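Engineer: Submitted below is the structure of interest, expressed as structure tokens.
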Amino acid sequence: MQVTAMDIYRLLPKTNCAECGEASCMAFATKLSQKEIDLELCTPLAADELEKLENLLAPAVREITIGTGDKTVTFGGDEVLYRYELTYYNPTPLVIDVSDNMDDKTFRKRVKLIEKTEFERTGEKLKLNAIALRNASGNNDNFAEAALKLKKSKFPLILCSLDPVAMKAALEKVGDERPLIYAATENNVEDMAALAIEYDCPIALFVQNDLEKMKELSRILRSKGIKDIVLDPGTFVGDGIGDTLDNFVMIRRLGITEGDDDFRFPLLGIPAVTWLSEKDEVEGGIKEATIAATLIDKYADILIIHGTNIWELIPILTLRQSVYTDPRKPQAVDPGIYEFGEVNEDSPVLMTTNFALTYYTVEGDLKSGKANCYLLVLDTDGRAVDVSIAGGQFNGKSVADLIKESGVEDKVKTRILMIPGLAAPVSGEIEDETGWEVKVGPRDSSAVAGVLLKLKENA
Ligand code: SF4
């Protein structure tokens, strides 16, 4: 159940002392309910109330961190079933597997590839997050040696073996780095639990397609005082994807809606199992990406993936970014004037809005087209061109204000403004308010550089 500002307010001192930086306790409670401020900023809070508030604010799904120092990744912490009810926190970490039976060169090459994989979208660098080491050799020494090699990696680890002896061998090498132990099962739960306690590591619980058994084992782990538990009910491909989704959805409902303490833990999915039955690189990559995307939507908190082709990873990373974008905050860039290429007093002046996706698309098109121009970015509260025209944020007055505030009239002699094709309905209004000549540009910014080139040739 979502905690409201009033639930929090009842436990605050209600003195409005402003020591937290907020004008009132209610303002603080409102921000705290939205996770926009830290509880500890309310310094007058008595110890009893602090404890009550900490319990009240504990997320429905436990937040878990693996790794230590600057090698960490945090996941879980979910509060709601549907993103529109609040937002989703902690984007699903994408973990790539490596095996302890790879030769040294292949092993290091794969780790380097994992660490280097990234691409930029809407100003954000999208990256992979952790490495899962599989005890594919079945040999304890190999597993421990490979774990030791991964100490040099910049990513946190998941150690994958169902054999407690192999797990202990690896933990002796990297247990101080707080890897996720994968996994406790019905057959090894006591031994794996003992390792999780000894090394103070989070532990995954793997129970395939049997939520009753999962509940029983989760309770055993909890009864030993283990708090950081990750649940894996199995990832099934092909016709089994329905069961996979059913299990994920049921566990999340039990955790959030029913408040069942045995299920209030993050969910782990393993799209990498695709490769157990699929050998074709393209087919396998497409299937694995599809399963990963499906599980990000419902409700995987961490995923282990095998494919490293960028064409497979880009859709997964893009979807993750979109799902974990806070719907309460418009994705916007700073409004103002931006320069592209070499500009002078004769350079053309273009305009777009400060919706991040629009801006970075235009930016990419101008850069790849090697355009030399000024770009005025209008503050539309992060709305796209057509939406801000409809909403009234993109109008003659707002454009006139931007021209004035940006100082563009001191930078160029020309008084010609190219607006996006979708802004054509307000072109006359802009001319009236600004005194500039308005040219309606293409609807698609990929054509802008070509248009600028033609204008230059005809000048
Ligand atoms: S510091 Fe605490 S008591 Fe003071 S205004 Fe903020 S929330 Fe209220």
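The values are calculated or read from the model by the stated rules, or taken from the named source; none is laboratory data. Everything quoted here is computed from the prediction, not taken from an experiment. With ideal geometry, Cβ positions are generated from the backbone for all residues, glycine too; neighbour counts draw on all protein chains shown. These area figures cover heavy atoms from the full protein model, side chains too; ligands, DNA and RNA do not enter into them. Shrake-Rupley method; radii C 1.70, N 1.55, O 1.52, S 1.80 Å.
Engineer: So if each residue of separation counts as 0.36 nm, and I subtract the Cα-Cα distance between A390 and V282, what length gain in nm does that give?
Structural biologist: 34.6 nm
Engineer: Roughly how many nanometres apart are two label points built 7 Å out from the Cα toward the Cβ at T68 and D210?
Structural biologist: 3.6 nm
Engineer: Residues of region 1-33 with amide nitrogen under 15 Å from the 7 Å Cα-to-Cβ point of L57?
Structural biologist: From region 1-33, the list is 3-14, 19-22, 25-33.
Engineer: Relative contact order for region 63-323: what percent, with Cα pairs under 8 Å and sequence separation of 6 or more?
Structural biologist: The normalised contact order for region 63-323 reaches 19 percent.
Engineer: Ok, one more. Ranking request for peptides 265-277, 103-115: highest mean number of other beta-carbon atoms within 10 Å first, then the rest in descending order.
Structural biologist: Details: 265-277: 22.6, 103-115: 14.1.
With the highest mean Cβ count within 10 Å placed first, the list reads 265-277, 103-115.
Engineer: Taking 0.36 nm per residue of separation and subtracting the Cα-Cα distance, what length does fully extending V165 through D326 add?
Structural biologist: 53.6 nm
Engineer: Give the peptides 83-89, 126-132, 138-144 in descending order of average Cβ contacts within 10 Å, highest first.
Structural biologist: Ranked from most to least packed, the peptides come out as 126-132, 138-144, 83-89.
Engineer: Could you let me know the centre-to-centre spacing of region 55-113 and region 1-30, using Cα atoms, in angstrom?
Structural biologist: 31 Å
Engineer: Would you mind getting the accessible area per residue of region 5-57, heavy atoms of the protein chains only, 1.4 Å probe, in Å²?
Structural biologist: Accessible surface, normalised per residue, equals 59 Å².
Engineer: A further question on this structure: At 222 nm, what helix-only mean residue ellipticity would the chain give, in deg cm²/dmol to the nearest 500, using -39500 (n - 2.57) for each DSSP H run of four or more?
Structural biologist: My calculation for the chain gives -12000 deg cm²/dmol from helical runs alone.
Engineer: Net charge near F340, counting Lys/Arg +1 and Asp/Glu -1 over other residues with Cβ under 11 Å of its Cβ? Let's see the in-between values first.
Structural biologist: Values: positive: K367, K370; negative: E339, E342, E363, D365.
Here the charged neighbours net out to -2.
Engineer: Need one word for region 287-373: rounded, prolate or oblate. Basis is the Cα gyration tensor (sqrt eigenvalues a ≥ b ≥ c); a/c below 1.5 gives rounded, then a/b vs b/c decides.
Structural biologist: Since a/c reaches 1.5 but b/c is at least a/b, the shape of region 287-373 is classed as oblate.
Engineer: What is the pair-distance distribution P(r) of region 63-323, computed from all Cα-Cα distances in 5 Å bins starting at 0, with each bin given as a whole percent?
Structural biologist: Result returned by the calculation: 1, 6, 14, 18, 21, 18, 13, 7, 2, 0.
Engineer: A follow-up question, please. So which trypsin sites (Lys or Arg not before Pro) in region 224-277 pass both tests, a DSSP loop state and at most 15 other Cβ atoms within 10 Å of the Cβ?
Structural biologist: Passing sites in region 224-277 are K224, K227.
Engineer: Using C-alpha positions alone, give me the convex hull volume of the chain per residue in cubic angstrom.
Structural biologist: Spread over its residues, the Cα hull of the chain gives 188 Å³ apiece.
Engineer: Also: If you average the C-alpha positions of region 331-361 and of region 404-452 separately, how far apart do those two centres end up, in angstrom?
Structural biologist: That distance is 11 Å.
Engineer: Another question, then. Please give the peptides 235-247, 170-182 ranked by average Cβ packing (other Cβ atoms within 10 Å per residue), highest first, as a rough proxy for protection.
Structural biologist: Output ranking for 235-247, 170-182: 170-182, 235-247.
Engineer: Taking 0.36 nm per residue of sequence separation and subtracting the Cα-Cα distance, how much length would be gained by fully extending the chain between R415 and K397, in nm to one decimal?
Structural biologist: Values: separation 18, 0.36 × 18 = 6.48 nm, distance 1.64 nm.
Between R415 and K397, full extension yields an extra 4.8 nm.
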